[in-house]
Every structure is written in structure tokens, then in C-alpha cells.
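Chemist: Questions regarding the structure given below will be posed in turn.
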Amino acid sequence: MDKDIEQLAVDTVRTLSIDAVQRANSGHPGAPMGMADLAVVLWSRFLRVDPKNPTWANRDRFVLSAGHASMLLYSMLHLTGHPISIDDIKSFRQWGSPTAGHPELDPHLGIETTTGPLGQGFATGVGMAIAEAHLSDTFGDLVDHRTFGIVSDGDLMEGVAAEAASLAGHLGLGKLIYLYDDNSITLVGPTAWTYTEDVTKRFDAYGWQTLVVDGHDREAVADAIAAAIADEARPSLISCKTHIAYGSPNKRDSAAAHGSPLGEDEIKLVKAAIDWDYEPFHVPGEVYTFFTKALDSRRQEASEWARRLDMTLAGNPELAVAWKEHFDPDPIAIPVPEYDDGAEVATRAISGAVINEFALIRPDVIGGSADLASSNNSLIKSSTDFSADDRAGRNLRFGVREHAMGAIVNGINIHGGMRAYGATFLTFADYMRGAIRLGALMGAPSVWVFTHDSIFLGEDGPTHQSVEHVSSLRAIPNLYVIRPATAAEVAAAWELALNRTDGPTALILTRQGVPTGGTDPAPVARGAYVVRPGDDAVVVATGSELPTALAAADMLAAEGKSVRVVSMPCFEAFSEQDIAYRQSVLGENLPIASVEAGTTYGWGEIVGNDGLSIGIDRFGASAPAAVLAEKYGFTPDEVAARLRDWLG
């Protein structure tokens with residue numbers, strides 16, 4: 001290795017980073033300066049990527065969990081020939097630029113995940129490693145790569161990272177390697193103010209291999225990465241002792257360099273110290289050549305892999321079918337489960353039956369629960385558990401780790417080749433909201449199975465009874481929230497979720513039994529539809545309140561009032577329909593009421609200013625479900641009375 005040219009590459013990463021932050025007058029220069037040495041070592045010596053084919057299926061994944069150091073990633077992508085131009089670097093943090101303030105998922109640019117909320121990238125990378133392990137078991141050496149990442153002090157303070165690290169060690173994810181930027185500085189000051197545990201001992205206890213090196217000693221970093229690669233039985237954390245704002249005479253080892261530009265005067269001092277006599281954003285030609293040569297063998301490996309893939313699949317039709325089922329599955333059609341007439345079944349149980357039907361024809365689907373599999377009905381009965389000893393298993397045991405589950409499911413889905421779901425009680429969606437939001441921002445096709453969806457879970461009381469959660473989830477852009485009412489709607493909800501590829505879906509399911517309905521498919525993909533015709537008024541209901549609304553409408557019909565009943569399992573899908581369809585469902589100038597056992601917040605958009613929203617705008621109580629229905633006004637008699645008074 002030519003040390004002079006490698007040092008020039010490191011200096012280029014540092015100067016590009018500080019120039020971009022300075023021009024934007026916004027950003028985080030200190031971390032890219034401190035991590036430049038280890039990033040250049042990783043990308044030039046180890047990371048298997050092809051800049052000309054950035055979505056190569058067997059590439060190594062790189063996660064910058066310390067997303068505030070985004071200019072480090074953009075600099076590396078530009079220098080290695082990915083489609084990030086020098087003009088993109090110059091437009092850091094500006095409107096329409098791919099070099100956003102924090103990395104935003106775009107595999108075609110080499111950005112493998114969205115990061116910024118600390119700890120999310122760490123846990124997302126665990127999901128990528130799980131996907132690789134399962135696919136490797138299925139396809140052998142056609143899928144054989146690693147997940148690398150750079151994590152920060154802040155990442156390792158967050159609970160989501162602790163949850164994910166514990167699970168990764170338990171699962172023995174040996175192809176997961178994280179470099180820890182151990183610079184002892186956070187945004188406001190030294191980590192000693194709040195963070196004094198022995199981090200490597202903590203990760204030792206998790207079952208990780210831990211190594212400690214000087215993060216500015218590139219040979220030591222290279223040796224540690226090689227040691228991590230050699231240990232495929234354990235994930236590895238390489239603690240790299242670094243200096244934030246390395247090379248800055250006045251801001252090195254200072255929180256002042258964390259989230260603010262260095263300033264023109266300090267940049268001059270940094271550049272003078274390394275004899276950098278160039279205009280801002282200059283890249284020496286030798287640096288481009290250095291990275292081109294460094295990645296030549298990996299570009300060749302990608303080409304050879306593509307040829308080998310074609311030959312292998314051509315010679316093995318069964319494997320070729322499996323490859324397509326994982327990496328290019330056809331849209332799925334899910335039949336409606338059949339039940340005896342008059343049967344009442346919880347939608348969580350119907351969902352469990354649906355899962356076990358489509359799991360037989362969609363081998364790419366994998367999923368699990370946060371220690372609630374029997375309650376969520378989320379087990380794939382035809383499969384084993386994914387574990388350190390069984391990579392073929394499709395049941396994921398997340399333990400009581402909702403937030404990590406959320407990020408891990410996102411990681412599996414954006415890895416490619418797998419579709420993952422995660423399940424828990426609806427009230428615990430709060431614990432994983434950061435991951436749900438990030439999945440929606442990325443457009444990750446994650447599926448969330450949320451059961452025990454309302455006060456009607458009964459005696460467990462208000463701590464477990466969701467009142468505000470459905471409304472809260474509906475507030476997240478690009479998240480489909482589906483609350484099905486019948487067996488047909490549950491099947492259609494899963495069908496919509498699995499066929500959706502540009503965003504996540506939350507399925508909101510009951511604990512209590514509901515009438516299963518018929519076997520005719522339900523138009524859930526359109527968001528809402530007319531269940532009972534009527535001309536005087538419209539009552540819109542979701543989930544377990546649909547039968548109540550129908551019964552109330554029958555009572556009013558006996559009094560001469562023609563009330564239309566609409567099932568609206570998915571607000572988001574309905575809002576995407578054309579105006580003609582929406583008017584055909586809700587009518588024109590008809591009074592509209594809503595019935596849902598949750599907060600009325602958000603229903604004004606449907607019912608309008610003169611509408612009626614029947615809901616629960618306070619917390620629940622501990623009592624049998626039937627008692628709660630009576631006390632909170634969710635019996636057919638009470639709903640009919642509210643509608644009667646409203647209609648005058």
C-alpha cells in the first residue's frame with residue numbers, strides 16, 4: 001500500500017467534508033474528519049461493492065449509523081465512482097440534492113439506508129445481516145456478503161441499539177461488523193458527563209467479538225477488520241479510538257466541531273497543516289485513480305458473480321424458481337378463509353390463518369413477534385425458528401424488543417430478497433414508532449401486525465387498551481393503516497400489504513371475536529366501500545365496530561331512516577381514489593357519521609364540520625369487554641340513539 005497516496009485520499013475526504021459543510025453553513029464536520037482514516041481503509045481494502053452496478057445483489061452493505069456524518073459517506077461514494085458528482089457535493093443539504101443533511105435510502109447511489117435518528121442504522125444493519133444469513137442458507141455462495149457499519153457514541157447510547165446488539169449476539173451474526181467511532185464527544189460535551197460504562201465489556205456480554213484500536217492507525221484498523229472477517233461465529237465491534245475534528249488545531253476533541261461548520265479561518269489552518277494548497281472541493285487526480293484501482297477486483301467479482309448466477313440458475317430450474325420467488329415475486333392473490341355461518345372469530349386469528357396460507361406460496365416471507373407470537377397469531381407453522389443453528393427458519397423470535405424489531409424488519413426488507421413482518425400489541429407501537437416512521441420515510445415494504453386493537457381487550461385495562469394509536473399511526477405519511485372488519489377484509493389487507501412495494505403497512509387486529517362475513521373478496525385496496533345501501537345518511541365504521549354500525553342502521557331502518565353503512569378499513573388507500581369513486585361511497589351532500597372505538601381525532605376529514613364522530617376520547621378501564629362496550633356507548637342501542645339524536 002502506497003502510504004503517501006492513501007494519506008492523500010484521507011486528506012481529500014476531510015477537505016471535501018469540511019468544504020461542503022462550510023458552503024452549506026450547516027452540518028457536522030467533526031465526525032467525517034475523525035473517521036476519514038478508517039473509512040478509507042474499509043472502502044479501499046475490504047468493502048465489496050461495484051460503483052457501476054451499485055445494486056449488485058451480493059454486494060457488501062455499508063450502514064453509516066452515525067448519519068450526522070453524512071459528508072463522510074457522500075465523499076466516499078463520490079471518490080469511489082458512485083453516481084454522486086462533485087456538484088452534488090457542492091450542493092450538500094440543498095433543495096433537490098441527493099446529498100441530504102442525513103443519508104436517505106437510494107441503493108442506486110450507494111446509500112443503503114436512511115439514518116440520522118441514532119441507533120436506527122445499527123439495528124437496521126442487524127436486519128440486513130439476518131436477511132443475508134437466511135438467503136445464504138437458501139442459495140449457497142450466490143449470497144455471501146457482509147454488513148459493515150460505522151456507529152457512534154450516540155448510537156450505542158440509544159436503547160434500540162442495545163436491543164438489536166443483544167439479539168445479534170444471540171443469533172451469532174458473524175458477518176456483521178461495526179466500526180465504533182469512539183471519540184468521547186457528543187453534541188454538547190464529553191461523553192464522560194453521561195456515558196462511562198465499559199462499552200467493549202458490554203458487547204462481550206452480548207456475545208460479540210470486540211477489538212480496540214487507534215482509529216487513526218490505518219494498519220491497525222485493517223488488521224482489526226481482517227480479524228472480524230475471520231470470526232464468522234460472532235458479530236464484531238471494533239472500537240476505534242479517534243479524535244473528532246482530527247487535524248483542526250482549535251476544534252479537535254471539542255463539541256464545537258460536532259454540529260457546526262469549522263469557519264473559514266479554521267479551515268485555512270486545517271489545510272495549511274497538511275499543505276493542502278487547492279481551491280475548495282478539489283480532488284487530486286491520483287485519488288480518483290487510487291480508488292479506481294482499489295475497486296477493480298471488486299468490479300470484476302461483480303461481473304463474474306453475474307455470469308455465475310446466470311449459469312447456475314440455467315442449470316437448476318428449481319433454484320431459478322426460488323430465486324425469482326425471492327427477488328422478483330409475482331403479485332399474490334389471497335383467498336378468503338372459510339368459517340361456519342354465524343362464527344365469530346378474532347381478526348388476529350383470521351390473520352394467523354392467512355399467514356399460514358400465503359407462507360406456503362411465498363417462501364420469501366419471514367417474520368415474528370416481540371415475545372407475543374401466540375397472542376399475535378404470527379407464527380409460520382410450516383417453518384422452524386431462525387437461529388444461530390438454523391438459518392433456514394422463517395420465524396423470528398425478537399424477544400421483548402419492539403424498537404429493535406421495527407428497525408430489523410426494515411433492514412430485512414430493504415436488503416432485498418425477503419419480505420418481513422413484525423408483530424406486537426397495538427399499544428406497544430409507541431415503543432417502535434421511530435422505526436415505523438423511518439420505514440415510511442424510506443418506502444420500506446415492512447408489514448406491522450398490531451393486535452389487541454382497542455378497549456375491547458378488556459380486563460388488562462388502560463395500559464394495554466389502545467385508544468389513540470390508530471389515529472397516531474394514520475398521521476405518519478406513506479404508512480397504510482388497515483383495520484379490517486371481516487375475514488374477507490383481513491385476507492385483502494394482507495394481499496394489499498404484500499403487493500405494496502413502496503411503503504409499509506400496519507394491520508390493526510382485534511382480540512375479541514367478530515362476525516367473519518362471507519367469502520367474497522373485499523375491496524380493501526380501494527380503502528372503503530358500501531356494505532349497506534342507504535339514502536338519508538352515511539355511517540362509516542372500521543374493524544370490530546362495523547357490525548355495531550350495521551345493527552344500529554337496522555334499528556333506524558325500522559323507524560323509516562335509510563342509513564348507508566360504509567366500511568373504511570384504510571384511510572390512505574381511500575384518499576388515493578378518484579373523486580368519482582369517493583363520492584359513490586360517501587354520497588354527495590349526505591350527512592356522515594363515524595364509529596370507531598378510538599379517539600375521534602382525524603375523523604373530521606371524513607365526516608366534515610356537521611358530521612358526527614362516535615369514539616373514545618379518554619383512556620379505557622379494566623373490565624370485561626361487554627361491560628366496556630356498554631359504559632363507553634358502543635352497543636347497537638347506544639350507537640342508534642346517538643345517530644337518532646344527530647339526525648334529529
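Chemist: Quick check, is P624 within 21 Å of G513 (Cα to Cα) and more than 30 Å from the chain's Cα centre (by Cα)?
Modeler: So P624 fits the description; yes.
Chemist: Quick check, is T124 buried (at least 24 other Cβ atoms within 10 Å of the Cβ), under 21 Å from the mean Cα position of the chain (by Cα) and not in a helix (DSSP H, G or I)?
Modeler: Spelling it out, it is not the case that T124 is buried (at least 24 other Cβ atoms within 10 Å of the Cβ), under 21 Å from the mean Cα position of the chain (by Cα) and not in a helix (DSSP H, G or I).
Chemist: Return a yes/no flag: does region 80-98 have any residue that is modelled with pLDDT of 95 or more, among the acidic types (D, E) and within 17 Å of the chain's Cα centre (by Cα).
Modeler: no
Chemist: Out of E572, E588, E576, E596, I need the residue that is of a type in the set (D, E), assigned by TED's automatic domain parsing to the domain that holds A641 and free of Cβ contacts under 8 Å to residues at least 40 places away in the same chain. Which one?
Modeler: Of E572, E588, E576, E596, the one residue that is of a type in the set (D, E), assigned by TED's automatic domain parsing to the domain that holds A641 and free of Cβ contacts under 8 Å to residues at least 40 places away in the same chain is E588.
Chemist: Filter region 517-542 down to residues that are of a type in the set (S, T, Y) and assigned to a loop (DSSP other than H, G, I, E, B) and give me whichever is modelled with the highest pLDDT.
Modeler: T542
Chemist: Additional query: Given I476, I436, I482, I455, which one is surrounded by 24 or more Cβ atoms within 10 Å (Cβ to Cβ) and farther than 30 Å from K324 by Cα?
Modeler: I455
Chemist: If we keep just the residues of region 168-188 that are out of contact with any Ser or Thr (no Cβ under 9 Å at 6 or more places or on another chain) and surrounded by fewer than 24 Cβ atoms within 10 Å (Cβ to Cβ), which is farthest from H403 (Cα to Cα)?
Modeler: Selected residue: V188.
Chemist: State all residues of region 189-207 that are surrounded by 11 or more Cβ atoms within 10 Å (Cβ to Cβ) and closer than 24 Å to S166 by Cα; if no residue qualifies, say none.
Modeler: Within region 189-207, T191, T194, Y195, V199, T200, R202, F203, D204, A205, Y206, G207 qualify.
Chemist: Separate question: Any residue at all in region 294-308 that's farther than 26 Å from L42 by Cβ and not assigned by TED's automatic domain parsing to the domain that holds K251?
Modeler: Checking region 294-308: at least one residue is farther than 26 Å from L42 by Cβ and not assigned by TED's automatic domain parsing to the domain that holds K251.
Chemist: Okay, next question. Go through region 214-243 and count every residue that is assigned to a strand (DSSP E or B) and not charged (D, E, K, R).
Modeler: Residues meeting the conditions: 5.
Chemist: In region 423-435, what residues are in contact with a Leu (Cβ under 8 Å, 6 or more places away or on another chain) and within 19 Å of A131 (Cβ to Cβ)?
Modeler: Matches in region 423-435: A423 only.
Chemist: Among what's in region 521-561 and is out of contact with any strand residue (DSSP E or B) (no Cβ under 8 Å at 6 or more places or on another chain) and not charged (D, E, K, R), pick the residue that is surrounded by the most Cβ atoms within 10 Å (Cβ to Cβ).
Modeler: Among those that are out of contact with any strand residue (DSSP E or B) (no Cβ under 8 Å at 6 or more places or on another chain) and not charged (D, E, K, R), it is G527.
Chemist: Return the total of residues in region 185-198 being under 21 Å from A69 (Cα atoms) and either among the β-branched types (V, I, T) or without any contact (Cβ under 8 Å) to a residue 40 or more places away in the chain (or both).
Modeler: Counting residues in region 185-198 that are under 21 Å from A69 (Cα atoms) and either among the β-branched types (V, I, T) or without any contact (Cβ under 8 Å) to a residue 40 or more places away in the chain (or both) gives 4.
Chemist: Can you tell me which residue within region 317-350, out of those that are among the hydrophobic types (A, V, I, L, M, F, W, C) and more than 27 Å from N376 (Cβ to Cβ), is surrounded by the fewest Cβ atoms within 10 Å (Cβ to Cβ)?
Modeler: Top of the filtered list is V321.
Chemist: Would you tally the residues in region 296-316 being loosely packed, with under 13 Cβ neighbours inside 10 Å and either in a helix (DSSP H, G or I) or polar (S, T, N, Q) (or both)?
Modeler: 9
Each row is one residue, and each column tells you yes or no for (1) assigned to a loop (DSSP other than H, G, I, E, B); (2) among the aliphatic types (A, V, I, L, M); (3) without any contact (Cβ under 8 Å) to a residue 24 or more places away in the chain.
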site: L441; (1), (2), (3): no, yes, no
site: A444; (1), (2), (3): yes, yes, no
site: F456; (1), (2), (3): no, no, no
site: H464; (1), (2), (3): yes, no, no
site: L473; (1), (2), (3): no, yes, no
site: E489; (1), (2), (3): no, no, no
site: A497; (1), (2), (3): no, yes, no
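Chemist: Another question about this same structure. Is one or more of the residues making up region 49-71 assigned to a helix (DSSP H, G or I) and either of a type in the set (A, V, I, L, M) or modelled with pLDDT under 95 (or both)?
Modeler: Checking region 49-71: at least one residue is assigned to a helix (DSSP H, G or I) and either of a type in the set (A, V, I, L, M) or modelled with pLDDT under 95 (or both).
Chemist: While we're here: Of the residues T292, T242, only one is out of contact with any helix residue (DSSP H, G or I) (no Cβ under 8 Å at 6 or more places or on another chain) and among the β-branched types (V, I, T); which?
Modeler: T292
Chemist: With L77, L72 as the choices, which residue is among the aliphatic types (A, V, I, L, M) and farther than 24 Å from I185 by Cβ?
Modeler: None of the other options fit; the residue is L77.
Chemist: With the requirement that a residue be crowded, with 22+ Cβ neighbours inside 10 Å and either closer than 19 Å to V336 by Cα or not small (G, A, S) (or both), what does region 500-516 give you?
Modeler: P504, T505, L507, I508, L509, T510, R511, V514, T516
Chemist: Output yes when any residue across region 583-592 is touching a Gly at 6+ places or on another chain (Cβ under 9 Å), under 24 Å from L496 (Cβ atoms) and assigned to a helix (DSSP H, G or I), and no when none is.
Modeler: Looking for residues that are touching a Gly at 6+ places or on another chain (Cβ under 9 Å), under 24 Å from L496 (Cβ atoms) and assigned to a helix (DSSP H, G or I), one finds at least one in region 583-592, hence yes.
For every residue, the table says whether it meets (1) free of Cβ contacts under 8 Å to residues at least 24 places away in the same chain; (2) over 28 Å from D214 (Cα atoms); (3) in the same structural domain as H243 (by TED's automatic domain parsing); (4) among the acidic types (D, E).
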| residue | (1), (2), (3), (4) |
| --- | --- |
| D37 | no, no, yes, yes |
| P51 | no, yes, yes, no |
| P54 | no, yes, yes, no |
| N58 | no, yes, yes, no |
| G67 | no, no, yes, no |
| Y74 | no, no, yes, no |
| I86 | no, yes, yes, no |
| I89 | no, yes, yes, no |
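Chemist: Next question, about the same structure. Quick one: M311 ticks every box in (1) within 30 Å of G518 (Cα to Cα); (2) at pLDDT 95 or above bar one, so which box is it?
Modeler: (1)
Chemist: Still on this structure: Applying the selection to region 148-166, what residues are in a helix (DSSP H, G or I) and crowded, with 24+ Cβ neighbours inside 10 Å?
Modeler: D155, L156, V160, A161, E163, A164, A165
Chemist: For residues that are among the β-branched types (V, I, T) and under 37 Å from the mean Cα position of the chain (by Cα), scanning just region 242-296, find the one that is nearest to V188 (Cα to Cα).
Modeler: Among those that are among the β-branched types (V, I, T) and under 37 Å from the mean Cα position of the chain (by Cα), it is I244.
Chemist: Which residue is nearest to G247 (Cα to Cα), if the candidates are limited to region 33-66 and must be out of contact with any strand residue (DSSP E or B) (no Cβ under 6 Å at 6 or more places or on another chain) and basic (K, R)?
Modeler: Here the answer is R45.
The values are calculated or read from the model by the stated rules, or taken from the named source; none is laboratory data. Not measured: the values here are computed from a predicted model. Reconstructed Cβ throughout: ideal geometry from the backbone, glycine too, with neighbour counts over all protein chains shown.
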